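To start, the structure under review is shown below, and the notes come after it.
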Amino acid sequence: MRALVTGATGFVGSHLADALHRRGDEVTALARSPGKAKALASLGVRVIIGDLHDVSALDSAMGGQDVVYHVAGVVAARSESEFFHANRDGTANLAAAAERNGRPRFVLVSSMAAAGPARRGVP
């Protein structure tokens, strides 16, 4: 199976990429930081440097994938608009890239933190 993992330099994503690779999957990781991506590359993971707003990197990473595991996300940002730009818009860009590149299965991994900053008295 050919799998793309976003957020593969983070805690959950790195463990997922490692487990998929050990299972025998061909793993590609989309990573913003070349330095953090070195550990993935040393495991045999194909690394594409870019982010969820880089259409060229998304299309390059997405090509030929059977499944996308979207684990990337921002849990803290300087502003609400920055938070939603990273999480909402980045996810939309990834979904659009999947649509352009054969519509692989799409697994979205999220948390309560993805709902945005909490406000006192508002659940």
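The values are calculated or read from the model by the stated rules, or taken from the named source; none is laboratory data. Just so it is clear, the structure is predicted and the values come from calculations on it, not from any experiment. Glycine also receives a Cβ, built like all others from the backbone with ideal geometry; neighbour counts cover every protein chain displayed.
Data overview
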{"item": "Helices (runs of 4 or more DSSP H) wholly inside the range 26-123 that include at least 1 residues being at pLDDT below 95, under 14 Å from the mean Cα position of the chain (by Cα) and buried (at least 16 other Cβ atoms within 10 Å of the Cβ)", "result": "34-42"}
{"item": "Condition check for Ala39: without any contact (Cβ under 8 Å) to a residue 12 or more places away in the chain and aliphatic (A, V, I, L, M)", "result": "no"}
